[in-house]
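Below is one structure, written out as structure tokens, with a few remarks after it.
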Amino acid sequence: MPKFSTLVVKQKLTDLLKTVFPATKFEFLLFAIFLAVYGVLGSAIALNYRIIFDDRIPWDAYFSFDNRAIILTGGGYERHPLSNYFFEGLRNFAYLFSGGKKDEIFRLALAWCSNLAVSLSLIQIYKYLKNIIELPKKISLLILFFFAFFSTNILLSFTPENYTYTLFLLVLFNYYAALKLKKDEKIPATGLALAGISVGGLTVTNIVKVYIPLLFETNIFRNWKKLGNAFFRVTVSAAAFVLLFLYRIDFNYMKFLNKSGEQYEKFSTPKVTPVWDMILSWFFGGNMLFAGFELRDYHNKKGFYYKALFMEVYHSWLPYVFVVAMIALVLWSYLRNFKNKFVQILMISFLVDIVIHCILKFGLHTSYIYGGHFVFVFPLLIGWLFYSYKDSPRVLSFLVVTVSLLFFYLGVNNLFRLEEFFEFLEQYYR
């Protein structure tokens, strides 16, 4: 019996490693390419500029990311309940290389951890396209490299923020859940609890996404036993998360409720920019296609003044065409694959963010930083669109041409904006 148990544990561990990390030579090659390209970008920024971490700059140095606050404290507990534990470990890991100093080596270690997380996220996307959707390699690579040039991935590849690791955890969980559903297996209570603690711990609103795949387990609403088992698994997962969170705040739940109300009031106040433009330019567009940049003057309330960089709305018709085309592809995929449970999982997950940011307007004025929560839905739904027309050569050709043109425009635009970003660094963050 012990020998059998050991074999089972070893097999589960092996399966886990194959799920999380590259499992084939080609996947290792892709992983190496992403590490190298993002690594060059992140290393150049970390070693030559102080924007990734400067102890004098508390927040908003670029695109409203709160690098220093996140690294030192994990961010506000009302939005990031357990992230202080994760970032304490990450901070100590970076100190191993910098000798306890917050210098360029410290920044380099943080940048490479972000690089690793984003590169692994892209490998999860490729695995989903290959193993779940079962697309041909050429189409999978077109979608994958298209996604790799999204502004969210470029920024998060060197940014030590919650969103960086949320992206990885959400993509990983979606792939893991899809594997389970494809094999007609249920997601175990332990897996659900770990996902709830890790995903919800980094950003509390994302915990609901962990439970969405359970709605699509076979005959879940036709069998009381299965429904009861699903309820039990959700209860175990939620209880583990809640207990850990309450322990962090000394079981003072009113403190959490009051702080959450304050944060909602602060980040949902209407801005001068029209809501429709914030939705198109920032919520959808800003997470894929860089807009123009604007400078603002900030200070740390202790006498240190610094320049901060934010995204403007789009000022020409081409970016809007790009964004509308991407939304059209997503909606086309959803309608075409309406009965596909994998597509429903992705879309319901996406709707959670649409409700939070576009309807409730929480953080809509800086929603270009929230891409790690949902931007992976775009390549996966486009992948399902390709799959649905696998027997229609003309439509497939149209889709290949369309995505290729969008890819070309995305690449040119984002590389140009990245050059502007370096000009900003050169002038203000040497």
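The values are calculated or read from the model by the stated rules, or taken from the named source; none is laboratory data. On a predicted model such as this, the values are computed, not experimentally measured, just so you know. We place every Cβ from the backbone using ideal geometry, glycine too, and count neighbours over all the protein chains shown. Protein only, heavy atoms only, side chains kept; ligands, DNA and RNA dropped before computing areas. Shrake-Rupley method; radii C 1.70, N 1.55, O 1.52, S 1.80 Å.
Leaving out ligands, DNA and RNA, what percent of the accessible area of segment 321-430 is carbon and sulfur, probe 1.4 Å?
Its accessible area is 70 percent carbon and sulfur atoms.
At 1.4 Å probe size, with the rest of the protein present, what percent of the exposed accessible area of segment 28-170 is carbon and sulfur atoms?
67
What net charge do the residues around E423 carry, taking every other residue with its C-beta under 15 Å from that of E423, with Lys and Arg at +1 and Asp and Glu at -1?
Summing Lys/Arg as +1 and Asp/Glu as -1 gives -1.
How large is ³J(HN,Hα) for each residue in segment 279-294, as worked out from phi by the Karplus curve 6.51 cos²θ - 1.76 cosθ + 1.60 (θ = phi - 60°), to whole Hz, x for Gly and Pro?
Along segment 279-294, the couplings run 5, 6, 6, 10, 5, 7, x, x, 8, 10, 10, 4, 9, x, 10, 10 Hz.
Take Y128, Y298 and sort them by solvent-accessible surface of the protein heavy atoms, 1.4 Å probe, largest at the top.
Order by accessible area, largest first: Y298, Y128.
For the pairs K138/K186; K18/K390; K10/K130; K182/K339, flag any whose C-alpha to C-alpha distance is greater than 22 Å.
Beyond 22 Å between Cα atoms: K138/K186; K18/K390; K10/K130.
Rank by packing, highest mean first: peptides 285-293, 118-126, with packing defined as the count of other Cβ atoms within 10 Å averaged across residues.
118-126, 285-293
Answer rounded, prolate or oblate for segment 290-396, using the Cα gyration tensor with square roots of eigenvalues a ≥ b ≥ c: rounded when a/c is under 1.5, else prolate when a/b is larger than b/c, else oblate.
It is prolate, given that a/c is not under 1.5 and a/b is the larger ratio.
If you roll a 1.4 Å probe over the heavy atoms of the protein chains, what accessible area per residue do you get for the chain, in Å²?
Each residue of the chain exposes 46 Å² on average to a 1.4 Å probe.
Under 5 Å between amide hydrogens, which residues at least 5 positions from Y62 or on another chain qualify, with H placed 1.01 Å from N in the peptide plane?
Here the answer is L309, since their amide H atoms fall under 5 Å of that of Y62.
log10 I(q)/I(0), Debye, Cα-only segment 345-430, no solvent, q = 0.19 Å⁻¹?
So the normalised log intensities are -1.02.
Explain nothing, just the number: relative contact order of the chain, from Cα pairs under 8 Å at least 6 residues apart, as a whole percent.
Reported as a whole number, the value is 20 percent.
Can you tell which of T218, T166, T152 shows the greatest fluctuation in a Gaussian network model of the chain with Cα springs below 10 Å?
Evaluated over the chain, the most mobile residue of the options is T218.
Each residue of segment 395-409 in order: what ³J(HN,Hα) in whole Hz does its phi give by Karplus 6.51 cos²θ - 1.76 cosθ + 1.60, θ = phi - 60°, with x for Gly and Pro?
5, 4, 4, 4, 5, 4, 5, 4, 5, 5, 5, 4, 4, 4, 5
What dipole magnitude, in Debye to the nearest 20, does the chain give about its Cα centre under +1 on Lys/Arg Cβ and -1 on Asp/Glu Cβ?
1500
Over all directions, the average projected area of the alpha-carbon convex hull for segment 183-233 comes to how many nm²?
Value for segment 183-233: 3.5 nm².
Amide H of Y306: which non-local residues (sequence gap of 5 or more, or other chain) have their own amide H closer than 5 Å, using H built in the peptide plane?
The list, which skips near neighbours in sequence, is Y298, H299.
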